[in-house]
Amino acid sequence: MSIKSGSPLLKMNKLTIILLMLLPTILAAQSASDDESTVQEAVEWLNTKLNYTYHDGHAQKWWINKFYVNEQKEVTIKNTLTGNPRSASIREKTFHTRTFKLQDINPYQIKISEIEKDQGRIVKGKLIDMRTFGRKRNIHHKINDRAGTDVSFVQISLPTFLIDSIADYAESVQAKLQEAIIASTRVYASENIQENKVKIFETMSGSFMNDEGDEIQTTPKFENVISLSSNDSENYFVYSPADNLFYLTSISNEGVMSKKYQLATGDRIILQNVENAEDVIGLETANSFTFSGKLFYRK
C-alpha cells in the first residue's frame, strides 16, 4: 500500500496513542455489546455535562446550551439566546438548533482551542470544534424552527466557569465524544465472506491520513479492485473469489511485488499476511483502518 508523507507533521492526540498501544488487545477482546455500553456511558456523561447557561459579556446577553443524544445516536444541540434566562416568554428568545448523527463526525479531528474574549455565542474559555467527514454538510441548522443552511461543522463553547470548576473539562468532552463515535461505528466480521469483502472495500475507499501526516488515496476500479496512489509505483488491492484471498500488488520499475492476505478468525475484520502473521490490515471502524502499525482515518 502506498503512503506519502505530508508536511508539517500533525500532533498525535492522546486517544490515537492509546488506541495504537492497545490495538492488539482491542482487536481480540472488543465486542458489539462492549461498544454499546461504551456509547451509552459516554452519551449519558455528555447529556449531563453539556447543559448549562452562560453570559456573553460583549453583547450583554445570555446563552442556554442544551445537548442531547437519542437512542438512534442522533445529536441535538440547542442554543437559546435571551436577555433574561429566567423569562418564560418565547418572544424574548432566539433558538438555534443543530442536529446530526454521531457517525457523521470525524472523531480524530475534534479540536480544542482557547478563546480569549467573548464573541457572541462563543465566549471566553475553551471551544470544541467538530467536523464531518469530507466536509459534507450533514449538520442541519434551524433558527426558531425555520430551516437554515446545512453546514459541515459544529462548535460547543465551554465558558470559563466550567473550565475552572473541573480539571481538563474540555479534554474530557473531547474524549467522550470520540469514545461515543468510535464505539458506534466499530466494524465486526460476518460469517459471510462476501459481506466482509464489501465492508473492507467500503472502509478502505477514499482519502485517509494519520496523525503523522501520512496520506493514503484509494479509488475503486472494479468490483474487487481498489487502486492506490503512489509517486513511483502503481498499487492495487484485490480480492480473489477463487481462493478467498486478498492481494496487495505493487507495480514499478523494479517489477511486480505481491503479498497475499487471508481473513483471520474472530469477531473483528483483520487481514493477515499469509507469510508474515505480524503483517496485518485491520478495520477499526467504518472510517478507519490500521496498516503497517499505524491508524489511518478518513479525512
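Between the amide H of residue 61 and those of 56, distances stay under 5 Å, these residues lying 5 or more places away or on another chain, with hydrogens modeled in the peptide plane.
Given R0 = 51 Å, the distance between the Cβ atoms of residue 51 and residue 221 translates into a calculated FRET efficiency of 0.55. With helices as the sole contributors, the chain gives -7000 deg cm²/dmol at 222 nm; each DSSP H run of n ≥ 4 counts as -39500 (n - 2.57), and the sum is divided by every residue.
Between residue 163 and residue 262, the simple spin-label model (points 7 angstrom out along Cα→Cβ) gives 5.5 nm. Each semi-axis of the equivalent ellipsoid for the range 169-270 is √(5λ) with λ an eigenvalue of the Cα gyration tensor; in descending order they amount to 29, 21, 11 Å.
Largest first, the residues 131, 121 sort by 1.4 Å accessible area into 131, 121. Residues in the range 93-107 carry Karplus couplings, in order, of 10, 10, 10, 10, 10, 10, 10, 6, 9, 3, 5, 7, 8, 7, x Hz; the curve used is 6.51 cos²θ - 1.76 cosθ + 1.60 with θ = phi - 60°, and Gly or Pro positions show x.
Close amide-amide hydrogen proximity is noted between residue 267 and no other residue 5 or more places distant or on a separate chain, at a cut-off under 5 Å (H modeled in the peptide plane; Pro and chain starts excluded). If you wrap the tightest convex hull around every Cα atom of the chain and split its volume per residue, you get 154 Å³.
One chain, two ends: residue 40 and residue 193. Fully extended at 0.36 nm per residue, the span grows by 52.0 nm beyond their Cα-Cα distance. Note on the range 30-133: dipole from Cβ charges, positive end direction compared against 125, 82, 108; the farthest Cα belongs to 82. Roughly to the nearest percent, how much of the accessible area of the chain is carbon and sulfur, given a 1.4 Å probe? So the carbon and sulfur contribution to the accessible surface is 49 percent. For the range 208-265, the solvent-accessible area works out to 56 Å² per residue, with a probe of 1.4 Å and every protein chain left in place. Membrane-span-like helices in the chain, defined purely by DSSP H runs whose alpha carbon atoms cover 18 Å or more axially and whose average Kyte-Doolittle hydropathy reaches 1.6, are 14-29. Since only 258, 286, 216 are under comparison, the one whose Cα sits farthest along the positive direction of the charge dipole of the range 204-299, derived from C-beta charges on Lys, Arg, Asp and Glu, is 286. Computed over the chain with a Gaussian network model linking Cα atoms closer than 10 Å, the most mobile of 251, 112, 181 is 251.
Of 173, 207, 157, whose Cα points farthest to the positive end of the dipole of the range 123-247 (charges on the beta-carbon: +1 Lys, Arg; -1 Asp, Glu; origin at the Cα centre)? About the Cα centre, the residue reaching furthest to the positive side is 157. When the scattering of the range 70-205 is computed by the Debye formula from its Cα atoms alone, each counted once and equally, what is log10 I(q)/I(0) at q = 0.16 Å⁻¹? These q points yield log10 I(q)/I(0) values of -0.97. In order along the range 134-147, phi translates into HN-Hα couplings of x, 6, 6, 7, 9, 9, 8, 10, 10, 10, 6, 6, 9, 4 Hz, rounded to whole numbers, per the Karplus curve 6.51 cos²θ - 1.76 cosθ + 1.60 with θ = phi - 60° and x for Gly and Pro. Averaged over its residues, the range 125-179 has an accessible area of 50 Å² per residue, based on protein heavy atoms and a 1.4 Å probe. Sequence-ordered 3J(HN,Hα) estimates for the range 56-68 from the Karplus curve with 6.51, -1.76 and 1.60 and θ = phi - 60° stand at 9, x, 6, 9, 6, 10, 10, 10, 10, 9, 10, 10, 8 Hz, glycine and proline given as x. Stretching residue 202 away from residue 142 to a fully extended chain increases their span by 18.4 nm, per 0.36 nm per residue minus the current alpha-carbon distance. Applying 0.36 nm per residue to the separation of residue 88 and residue 155 and subtracting their alpha-carbon distance, the gain on full extension is 21.5 nm. Here's how it looks for residue 150: its modeled amide H is under 5 Å from those of 141, which are all 5 or more places away or on a different chain. Surface analysis of the range 29-99 yields an accessible area of 58 Å² per residue, using protein heavy atoms and a 1.4 Å probe.
The values are calculated or read from the model by the stated rules, or taken from the named source; none is laboratory data. Note that this is a predicted model, so its numbers are computed, not measured. Virtual Cβ from ideal backbone geometry, glycine too; neighbours counted across all protein chains shown. The accessibility values were calculated without ligands, DNA or RNA, using every heavy atom of the protein model including side chains. Shrake-Rupley method; radii C 1.70, N 1.55, O 1.52, S 1.80 Å.
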